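Reviewing the structure listed below.
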Number of protein chains: 2
Amino acid sequence: MGTTPLETVPEPKYWHLRTVLSEALDSEFEVGEILPNERDLAARFGVARATLRQALEQLELEGRLQRRRGVGTTVAPPRVGVAVGTREHTWPGTADDAWQPADCHLAAPPATVADALGTDRDAPVHTVRRSRVSHGLPVAAELLYIPPSSVPGLTAIDAPSGPARARAVLRELQRGDLERQESSVELGSAGADDAKELDRLPGAPVLVVTTRYLAEGRTAALSVATYRADTCRLTFGDLGDVEIHHGPRTQAS
Amino acid sequence: MGTTPLETVPEPKYWHLRTVLSEALDSEFEVGEILPNERDLAARFGVARATLRQALEQLELEGRLQRRRGVGTTVAPPRVGVAVGTREHTWPGTADDAWQPADCHLAAPPATVADALGTDRDAPVHTVRRSRVSHGLPVAAELLYIPPSSVPGLTAIDAPSGPARARAVLRELQRGDLERQESSVELGSAGADDAKELDRLPGAPVLVVTTRYLAEGRTAALSVATYRADTCRLTFGDLGDVEIHHGPRTQAS
């Protein structure tokens, strides 16, 4: 890595350091390689450890570095493209569905969910918890809310909860006619449950994808899925694998 | 706000405080209201200021709070839904386009962009800088890369740069036949130029939307747009305004 003096630069020091480090990651390091320790890095670039840490945090946010307890800071592999909008008109639970049902229970959802579903706030809905794995890594955790009116043929014979129940609910859901789905993406942070499922600490940044499934003019199901923001790039469209972004873009000069 | 003792909780203190504060924001505060200062808040909840700050940072990341210099910490309005995938088959620059061209120049793009466009790495492409405003606020900054082969009829008569040149390039681009567009969304951080345009500090979290426009089987243009992650919820689909998420979701109980 270079030893560019950082004293004369007008932009924040940590930001300039981030850029220098980012270039070093491209040119001198391999994916998975462990970075020198913080003290050595700080000395090499002539910066305070607080500045170094800020730059490392920034690069972690951008998915360039991974901090793993007991290992240290390693160079992250490129983000995994995860298709979110490809199967535009597919109900949850079809054969090629990327999600694994983990659990199901009947309970009143959060008030905002009840409002979006158009159900009474204290009315119980089927809540299916599902998880998504890509290339062997957990990438997303989902809660799928399904009002009883969307699964009228559901029998009470099945188990009241668990994966079998989840599958029964999804099977019934698929008897309806999906008209359309709408999604939104926003930045959030992982709650305790999600963090555990995604192998992250609570508060880790996640991309929250909310999807509304519409049938017969009303919301038949609502999905709130949290994707790991450090490892995932969400793709929309048929091919949907546009892999361009690499840290903050710089104006072509 | 309550005064729940935080000492007995097993989850990280700041995380529990975040939840308590989040509930207080819902029940006791109006949008735009200024929060008490950090010392008072820390005293009220019996936590160290470092813990309080962590919780406030978390809520800022989630778009619940805004920190404004000279004003203090205020309760943020709900995120603005910004349509990203509605006009699936619209070229940039049509009449109902949400973007304002600001500048245009001809230069070699970043290597990753050249690779995606299938142009030589040192071959110049038209680079249009555009910005997007929603409800009077800057929400996104974009660089749109257009290889000269996508705008064969472009004359050299127009100004070599500036908004007029940008409009001329977009006009020519629209003579082609758009076949498809693909997008991806990922977390990034604002570079110096973007930060200025978005009225944020460098390093602020942004949602990076990369869109590839395909015509006659090849990539005719590539857009890299950064959206403010604190104020924007990106929507995909026809109605596309699913407004559910409110901080980290909790399992319905």
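The values are calculated or read from the model by the stated rules, or taken from the named source; none is laboratory data. Only a predicted model underlies this, so the values are computations on that prediction, with no experimental measurement involved. A quick note on method: Cβ atoms are made from the backbone with ideal geometry, for glycine too, and the neighbour counts reach across all protein chains shown. What goes into the accessible areas is simple: the full protein's heavy atoms, side chains included, and nothing from ligands, DNA or RNA. Shrake-Rupley method; radii C 1.70, N 1.55, O 1.52, S 1.80 Å.
Here is how the numbers come out for the structure above:
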item	result
Any hit, the range A:5-26, residues being open to solvent by 40 Å² or more (accessible area, probe 1.4 Å), under 30 Å from A:Ala225 (Cα atoms), of a type outside the set (S, T, N, Q) and modelled with pLDDT of 80 or more	no
Residue match in the range A:145-154 (condition: within 14 Å of chain B (Cβ to nearest Cβ) and within 22 Å of A:Leu61 (Cα to Cα))	no
Boolean, A:Thr112 is under 21 Å from the mean Cα position of the chain (by Cα) and either closer than 22 Å to A:Arg175 by Cα or at pLDDT below 90 (or both)	yes
Positions within the range A:112-154 being touching an Asp or Glu at 6+ places or on another chain (Cβ under 9 Å), touching a residue at least 12 places away in the same chain (Cβ under 8 Å) and of a type in the set (Ser, Thr, Tyr), in sequence order	A:Thr127, A:Ser131, A:Ser150
Residue that is surrounded by the most Cβ atoms within 10 Å (Cβ to Cβ), among those in the range A:115-129 that are more than 10 Å from chain B (Cβ to nearest Cβ) and farther than 15 Å from A:Leu154 by Cβ	A:Thr119
Members of the range A:91-114 that are closer than 18 Å to A:Leu214 by Cα, within 12 Å of another protein chain (Cβ to nearest Cβ) and among the hydrophobic types (A, V, I, L, M, F, W, C)	A:Val113, A:Ala114
Residues satisfying the stated conditions in the range A:171-209, i.e. free of Cβ contacts under 8 Å to residues at least 40 places away in the same chain and either in a helix (DSSP H, G or I) or of a type in the set (S, T, N, Q) (or both)	A:Glu172, A:Ser184, A:Ser189, A:Ala192, A:Ala195, A:Lys196
